[in-house]
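Data block below; observations after.
Quick note: the coordinates plus some simple rules give every number you see, no bench work behind them. Computed from a predicted structure; not experimentally measured. Here the Cβ positions follow ideal geometry from the backbone for every residue, glycine too, while neighbour counts run over all protein chains shown.
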Amino acid sequence: VPVERSGTASAGVVRGRTDPVRGRTDPVRVELVECGRFPNGPAVTDGGLHWDFEALWDGIVTGLREAASIASGRGLDVRGIGVDSWAVDHGFLDDDGALLAQPWCYRDARTDAVRERVYERIPFAEHYAVNGLQDLPFTSLFQLVASAAERDGRGQAVPGAADADAAADAERATDWSRAALVLLVPDLITYRLTGRRVAEVTNASTTGLLDARTRTWSDAHVERLVREFPELGDLRSRLPELVEPGTAVGDLRPDLGDETGLGAVPVFAVCSHDTASAVAAAPLPQAAGQREAPGRETPGREAAGQESPGQESPGRETPGREAAGQETTGQREAAAYISSGTWSLVGLELDAPVLTPASREANFTNELGIDGTVRYLRNVMGLWILNECVREWSEADGAPVDLPALLEKAAREPGGRCLIDVDGEEFLAPGGMPGRVRAAIDRRAPQGVADTRPAAARVILDSLAAAYARVVHRAGQLAGVEVTAIHVVGGGSQNDLLNRLTAEAAGLPVHAGPVEATALGNVLVQARAAGALTGSDGGPASRADLRAAVRASTAPRTYEPTPSRGLPA
Ligand code: LFR
């Protein structure tokens, strides 16, 4: 399970007692056992920010070896392997299935200008109508156009290329011109594990090439792109067959079965986008649309999917809870989620995309989720900003910063003095983060905020909490649901101060946990596919059954908002 700044290989043990007559007698419990964890981060190689795929692969094989040994020590059978990672990034395979180059990291600035060129020819609204994706500079589509435009595979013109001989030409051929197939990072790993080349749909939905309504590659959109950018050539033929989470992709290659000690184990497609796995394991009470507020009329499901500009109230950027409640009276209730880590992915689980102009203008995304669902959310920059500051402060000190102590001091700082725009693209790239944060504070707080680490940390966390609150309420308005609680999952759910600030800012209870939601979602989908997890009635497990297993296996912490407190000024 590689993630952006560290990779974990976890094994899940699924327990539950089944009575053949009465069905299941106790809730299924899942225990996660961490088998390996390794650092992962983008590095500048070949003139750009790339991932070290071989280092990732080594970490994975080591983790699998450890999983085999832990399982055999505990007398357990390994029933499946599933891969998830961050989204959008991909590698190119040549005709022989070899990886042509290290995958680019989406944080490289090469797509900035490309995005403008793409929108000049295909306006954002036309993309949104098909793929429903928020405008982010790094969506795979922009990366592909950038790669196709490269002349020597690294964005440099080749001097004297015109009169180069054929052999030199071949050597200089771009990665794109030699690419037979595009595989997203988790699909690349699944391919190495099994030899099978597929595109798992939750992650494929972040490429910009999928139709958010049909969950299939949009031939029309791909053709349109190729018409405008002929250098993309036969893009469609380079997109693999799509599979849904839960599909058995193939068995672990025999050589790897031997090398790791795992033997023949099926590899399942899971929600291979880490955020989709995390949302699958967010213990949401019910999916939006399943539960109706008592005595209230429920609008048709289509209401959210159709263009209904009258549905939202323009100009209300930051409603408090009561305001949102008034506006959404008569609508369904739902809990929001925040998948909190390097990024914070903030939104709702829906059963159809919201493609309205209002949704587009608010820059909400419709990524795909488990069991035909849509992850209706926005990317908020997340703990990346704080983590990068901590990394640089630690480098400056020559010793790791004591994070709990820093957060304790930040909690004692006066709050709400200054909010910075955590979504600013200026924070996207690594390096120099404390300086960029300071500059943003100075722009926003003429009255001054002390130039100390705790003060900077407090501004970042206040700003994150305010952004979460805004996005949660806006998601509710745009999707036509009343948000009644927030579930924070992932590593960031351990940040007490941030949870407390979020509850205050949103005026909603915050339930924090599980921390390892991504690994848990990954394991649960495998467990269901392998037949190790059935529904409470003995039939196939539903999403609600998966979440019941999460609830039975973890203990969330709840933060109640102070009554009458709304968003920070
Ligand atoms: C989170 C995540 C986000 C995606 C970003 C870039 O790890 O997957 O969902 O937008 O990383 O891939």
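In order along the stretch 214-221, the Karplus-derived 3J(HN,Hα) couplings, from 6.51 cos²θ - 1.76 cosθ + 1.60 at θ = phi - 60°, round to 9, 6, 10, 4, 8, 4, 5, 5 Hz, and Gly and Pro are given as x. Taking a label point 7 Å from the Cα of Asp58 along the Cα→Cβ vector, which residues of the stretch 65-92 have an amide N closer than 18 Å to it? Zone members listed by number: 65-66. Gain on full extension, evaluated as 0.36 nm per residue between Ala98 and Arg224 minus their Cα-Cα distance, stands at 42.5 nm.
Our estimate of slack between Glu560 and Ala445, defined as 0.36 nm per intervening residue step minus the Cα-Cα distance, is 38.5 nm.
Summary of packing: across the peptides 342-351, 63-72, 42-51, the per-residue average of other C-beta atoms within 10 Å ranks them, highest first, as 342-351, 63-72, 42-51. Taken along the Cα-to-beta-carbon direction at a fixed 7 Å, the label points for Ser536 and Ala411 span 3.6 nm. Full extension of the segment from Tyr119 to Asp397, taken as 0.36 nm per residue of separation minus the current Cα-Cα distance, would add 95.7 nm. Neighbour counts of C-beta atoms inside 10 Å place Cys35, Cys389 in the sequence Cys35, Cys389, starting with the fewest.
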